[in-house]
Amino acid sequence: MKDSSAPEKLPVHVGLIMDGNGRWAKKRRMPRSFGHNAGMNAMIKLAEHAQSLGVKYLTVYTLSTENLSRPKEELEALFGLFRSYFSKNVKKLYKQNAAVKIVGDLSPLPDDVVKLLKDGESGSPVGAEFTLIFAINYGSRPEILRAVNLAVERGEKVDEKSFGALLFTSGVPDPDLIIRTGGEIRLSNFLTYQAAYAELYFTDVLFPDFDGKEFDKAIADYAKRDRRFGKV
């Protein structure tokens, strides 16, 4: 159900670059895994909040292709979070008429994590009012190269519509708004093709502290913008 306090002008699809978990933990003299755990809790709450506002799609940048080069200990902690959080919270999403979608190349991930993610996606309710999209081992450049190679292999000449169907995000509308927490001002290989006309919102707030009120600030800022898409 849509929150009656939400702005009238809402983005259909929001992309979220969840940056600052490690720095948040460091400020508290805790290991980076502590920050990732806090970030996971924050992400789950934000997904519920976004749905309550009436947002239809939320794509969270969970693990980039570049992140796979991080120390093995940190990656194992991240995979452990998937194992401990994913199934439990996916079932909660289902009960709230929300679906799950995974975008990215899962092949380098541990087999049990891949199964968890794929099961979560395939078990989603049909016709859900909200979709939480996890970008995992995702990078926009590899996604585009994969789509190009698929078209070449099939001998296809593509236009925007047919090319979009070859992307991981096929069937999902392009993001209207992309939010990045943590103070950096760049997209970092996140949905760069899809974000051609997305509004961008950057905040210094570290992701574990990015709560519903901070999300509402981003939505209110979006609502003030005049989106002309190149027209007068």
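The values are calculated or read from the model by the stated rules, or taken from the named source; none is laboratory data. In this text the structure is predicted, and so the values were computed from the model without any measurement. Positions of Cβ are backbone-derived with ideal geometry, glycine not excepted, and every protein chain shown enters the neighbour counts. The protein model used for the area step is the full one, side chains on, heavy atoms only, and it has no ligands, DNA or RNA in it. Shrake-Rupley method; radii C 1.70, N 1.55, O 1.52, S 1.80 Å.
Remarks
- Set LYS101, LYS88: member being free of Cβ contacts under 8 Å to residues at least 12 places away in the same chain and either under 15 Å from THR131 (Cα atoms) or not polar (S, T, N, Q) (or both): LYS88
- Considering (1) crowded, with 16+ Cβ neighbours inside 10 Å; (2) in a helix (DSSP H, G or I), the lone condition that PRO11 does not fulfil carries the number (2).
- Failed condition for ALA38, given (1) under 21 Å from LYS92 (Cα atoms); (2) modelled with pLDDT of 95 or more; (3) crowded, with 19+ Cβ neighbours inside 10 Å: (2)
- Qualifying residue in segment 139-154 (condition: closer than 29 Å to PHE210 by Cα, in contact (Cβ under 8 Å) with a residue 24 or more places away in the chain and assigned to a strand (DSSP E or B)): no
- Residues satisfying the stated conditions in segment 173-188, i.e. within 21 Å of MET40 (Cα to Cα), open to solvent by less than 60 Å² (accessible area, probe 1.4 Å) and either assigned to a loop (DSSP other than H, G, I, E, B) or acidic (Asp, Glu) (or both): THR181, GLY182, GLY183, LEU187, SER188
- Scan of segment 203-223 for residues that are open to solvent by 60 Å² or more (accessible area, probe 1.4 Å) and farther than 16 Å from PRO11 by Cα, ordered by number: ASP204, ASP209, ASP211, LYS213
- Answer residue from segment 69-105, given it is hydroxyl-bearing (Ser, Thr, Tyr) and modelled with pLDDT under 90 and is surrounded by the most Cβ atoms within 10 Å (Cβ to Cβ) among those: TYR85
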